[in-house]
Each structure stands twice: as C-alpha cells, then as structure tokens.
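The structure under discussion appears below in the form of structure tokens.
The values are calculated or read from the model by the stated rules, or taken from the named source; none is laboratory data. Given the structure is predicted, the values throughout are model-derived calculations rather than measurements. As a convention, Cβ positions derive from the backbone with ideal geometry for all residues, glycine included, and neighbour counts pool all protein chains shown.
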Amino acid sequence: MSGLPDVKNAPEADSSVLRIWGGHSLRGHVKISGAKNSALVLMAGALLCSEDCRIHNVPMLADVERMAQVLSALGVRIERNGETLDINAKDFSTSKAPYELVTQLRASFFAIGAILARLGVAQMPLPGGCAIGARPVDLHVRGLQAMGAEVQIEHGICNAYVPGSNRRLKGAKIYLDSPSVGATETLMMAATLADGETVIENAAREPEVVDLANFCNSMGAKITGAGTSTIHIKGVSQLHSTDYQVIPDRIEAGTFLTAAAITHSELLLSPVIPDHLLPAIAKLQEMGVNIIEEAPNCLRVMPAEVLKAADIETLPHPGFPTDMQAQFMSLLAIADGDSLISETVFENRLRHASELNRLGADIRVKGNIAFVRGVPLLSGAPVLGTDLRAAAALVVAGLAASGETTIKGLQFLDRGYDRLDLKLQQLGAKVERIREVDADAAIASAAH
Ligand code: UD1
C-alpha cells in the first residue's frame, strides 16, 4: 500500500477541535466528494476479483484509510493516487481480518461475504456495538448460512467456512427480516461467485447498494433488481478487472444543504444525484427552503424567508435517512414552531440533542423521539460530537450560533467528511481547526 495517509498521523484527528464563529453566511460552490458508504463497500467488493480494480472518486477519509489497512492485512495490493484507488486482490490469501481495525469500522465486517466467496473461509472479528445502537450481524450470518456456510461465533470472532470440495457457496432464497444495508451488501457480494442463483427479498434499496451492484456488474457479475426490494444474483465463476467511479455522497450533500439553510445562504452543490436526495430536499422545501436543479447533477439552494418547523421520521431508503437526522435536528432547533423527530432505524441515535441544548436549543428526548421547540437563536459554546453525524450536526449548528463554538470529537467527523473544515472555509465560513490544548486554554481564560 502506498500514497495513503496514515490514520494515526492524520491531521491531528484525535487532538484537534473545530472552532467556529457563527452567524456568517456562506456563498459559492461546493464540490461534493465520493460517497463514503459506497467507497468502503466497493473496496470490499474488489476482493471478489483477482484482476486490477481501479476505483475513482474515493473520498479522503479516515474510514477509507482503515479499510485500506484491512485489505492490506489480507494480502491485497492497494495504492492511492489522489482520489483514485488501485486494488489488486490476486494474491489475497489471508482469511482473517485484524481485530483492531474491524472493531473500529463496521463496514469492514461486510467484507466477510467477499472473503468467503473467494477463499471458502473467513474469520471476522465482530464489529461490536457503537454509540448509535447495538448493531448486531445476525442477518448477515443467517444469509450466509442459507447459502451453505457453516458459521460460528466464538470469542468475538465470526468463523465461517464453506464445506465441500469446491468450497463454493450455493445460491439461495433469502428473506431479510429488515432491509439492512450491510446485510444486503454482504450477501450480494457472497452470491456473486456462488453456484446458482440467489434471491434477496426485503433487500435494502439504498443508492450505495445499487452502486455496489453496478460495480460488481462492471466486473462481470450478474445482478439485477438492485434498488428494489428483490435482488437476483446469478453466480459466475470469476470476475474481471474494472475501472469504476463512486457515486457522490448524498449525506455530505445533504449536510451542506442544511448548512446553507441554517445560515440563510445561497449555495451551489455539485456533483450530486438529486434523486438520491429526494427525502432531504422534500423536507427542506416543506420548511420553506428553495432548492432548484440548476443543471444536471447541480443543485442551487436559496434561503427561506422563514424556516418552518417540520416532523421527521427516519426510515430505510427511500424514506428519510437516519444519517441526516442529526443535521436536521440542528436546523429544526431554530425553526419557527415545534417539530417531532422519530428515530426508527437505530435505538440510540439522539445523543446530539443534549449537546444542541448547550447551544441554547430546546429539545426534549423520550425514548426514540425528540421534541424540538424552535428558538430564535443559538449561542456558541464548547460541545462534543459523540458520533459521525452528531459531530456534523454540531458543525451545522455552530455555523448559525452567535459567537464561538468549539467542537470536540473530530475523530468521528474525519471518518466520514472529506476535509469539511476546508470546504466550509472556501464558502466563507469562519472555521478553524486548532489543537485541543489551545482550545482548552482559550475556554479557561474566557471563564476568568
Ligand atoms: C449502513 C450505513 C450507515 C447507515 C445505515 C442505515 C454503511 C457503512 N453504513 O449501516 O451509515 O446509518 O446503513 O441507513 O453503509 N440490524 C440487525 N441485524 C443485522 C443488521 C442490522 O438487527 O444483522 C439492524 C441494525 O441494528 C439497525 C438496522 O438493522 O437497527 C439498520 O442497520 P443496517 O441497515 O444494517 O445499517 P448498516 O449497514 O450497519
């Protein structure tokens, strides 16, 4: 592996904070990076092929670096040149993924499907729970079992192997109890090289699932129906090389839409696939924000006269994405009226509410429901991002809050946003990344 930044030495991820002076409007054009959740799973998908895979538009993220380290540890050649990744899994022969990395990055667990398909055996540490919920892997495991794998979980490791002399998984009809994105992707990858046809019912319909199917098909896989609830995969014996471009990140784009709306700014965003953003766009329009398709793959967002309250319920795609819930909570915090947010996908994903309250929001949480009473203005304060999208929500709120907001927890933000602080600076935001010790000293002296 070369050309990839070392996560440990990444821009002071763990020891820096973001300082924002709010109340300034944004203007100009922002370039949306490649989708994190696609890039990560495409990297896992490259394990299915023993020839060269070139993937373009790969965002600069700590998670991508960690995934690259997982692939390297499996014996895969991987090289980064700017936003292009070259992956060659010809000599990939290690079936055991490293504990320290898989436990930090859930998407790396999804590689179990590709490893099993290629090698007939896989040992994957369980990804573990995380800040937003328990996040089990039972649907992944049951699907692999339906395809003939023997799977046992022991000492925190998911051990899977395919019995029989040819070590090939068998096509199966699989019904998912819930449309899990990761389970759909794991099983789609596993089925790509299986013997016979697999049908996944109640499959996830997220754009990243479609991107993975298109990527696999570009290597010669036979997948149809991705983007609907029923996916058919006819197994093939091997895949060939590809040159593929990751779709734009709909969650990053949605985050910039909320940043524009909360600062009453006019912004251009590209490249985007507007269809992927429909739930967020529809909700913003309901709140009074004007969004037009300026050109193909380009959106213009214009300020609302008054930001109106709105209710949100997170759902699997094409419902409102859970990954946008936190950023919308920031926006609703200063909307005119009361809003109700119901988080139905993850059981513990409202922890940003209390941090937003530090900024002057009026939000009460009961179970998976947040009651948001709009206030006229937020005021800057030190806050802590507890997960990736929670940190993004605090950035959005900080852009509108009066005075100075300092945000800790950038190790989460850097997992999923490609140089967010730089992009915001280019739009005119007063944002800087400083060392945590300097921020602490500034807060202490302000208190005296
Ligand atoms: C993916 C995304 C994440 C997004 C989520 C929902 C990646 C790398 N991450 O996560 O950003 O928030 O989709 O859109 O693509 N579940 C089970 N058993 C399983 C699998 C999932 O009960 O075997 C449950 C989860 O606990 C959760 C729900 O299903 O409550 C949805 O999870 P899932 O769609 O699997 O999310 P991820 O694929 O982990």
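A few comments on the model shown:
- Residue match in region 183-201 (condition: assigned to a loop (DSSP other than H, G, I, E, B), more than 13 Å from the ligand (Cβ to nearest atom), surrounded by fewer than 20 Cβ atoms within 10 Å (Cβ to Cβ) and modelled with pLDDT under 95): no
- Region 161-182 - residue that is touching an Asp or Glu at 6+ places or on another chain (Cβ under 8 Å) and within 16 Å of the ligand (Cβ to nearest atom) and, of those, nearest to Leu101 (Cα to Cα): Val181
- The residue that is surrounded by the fewest Cβ atoms within 10 Å (Cβ to Cβ), among those in region 22-46 that are among the aliphatic types (A, V, I, L, M) and within 16 Å of the ligand (Cβ to nearest atom), is Ala44.
- Positions within region 207-224 being out of contact with any Gly (no Cβ under 9 Å at 6 or more places or on another chain) and crowded, with 16+ Cβ neighbours inside 10 Å, in sequence order: Glu208, Asp211, Asn214, Asn217, Ser218, Gly220, Ile223
- The number of residues in region 162-182 that are of a type outside the set (Asp, Glu) and surrounded by fewer than 17 Cβ atoms within 10 Å (Cβ to Cβ) comes to 8.
- Among the residues of region 309-321, those identified as surrounded by fewer than 22 Cβ atoms within 10 Å (Cβ to Cβ) and in contact (Cβ under 8 Å) with a residue 40 or more places away in the chain are Ala309, Pro316, His317, Pro318, Gly319.
- Flag: Glu294 matches the condition of being within 18 Å of Leu277 (Cα to Cα) and either among the small types (Gly, Ala, Ser) or surrounded by fewer than 20 Cβ atoms within 10 Å (Cβ to Cβ) (or both).
- In the set (1) touching a strand residue (DSSP E or B) at 6+ places or on another chain (Cβ under 6 Å); (2) at pLDDT 95 or above; (3) not hydroxyl-bearing (Ser, Thr, Tyr), His240 fails one condition alone, (1).
- Selection of region 400-428 for residues being under 24 Å from the mean Cα position of the chain (by Cα), hydrophobic (A, V, I, L, M, F, W, C) and part of a loop (DSSP other than H, G, I, E, B) yields only Leu427.
- Single unsatisfied condition, Ser379 versus (1) polar (S, T, N, Q); (2) farther than 28 Å from Ile32 by Cβ; (3) buried (at least 24 other Cβ atoms within 10 Å of the Cβ): (3)
- Candidates Arg435, Arg351, Arg415, filtered to the one that is at pLDDT below 95 and exposed (fewer than 14 other Cβ atoms within 10 Å of the Cβ): Arg435
- If you go through region 217-234 and keep only what is of a type outside the set (Ser, Thr, Tyr) and within 16 Å of the ligand (Cβ to nearest atom), you end up with Ala226, Gly227, Ile231.
- A single member of Asp91, Asp138 is of a type in the set (D, E, K, R) and either touching a residue at least 24 places away in the same chain (Cβ under 8 Å) or more than 30 Å from Thr242 (Cβ to Cβ) (or both), and it is Asp138.
- Screening Val306 against (1) more than 26 Å from Leu413 (Cβ to Cβ); (2) outside any strand (DSSP E or B); (3) in contact (Cβ under 8 Å) with a residue 60 or more places away in the chain leaves a single unmet condition, (3).
- Flag for Pro296 being assigned by TED's automatic domain parsing to the domain that holds Gly367, more than 18 Å from the chain's Cα centre (by Cα), under 30 Å from Leu42 (Cα atoms) and not β-branched (Val, Ile, Thr): yes
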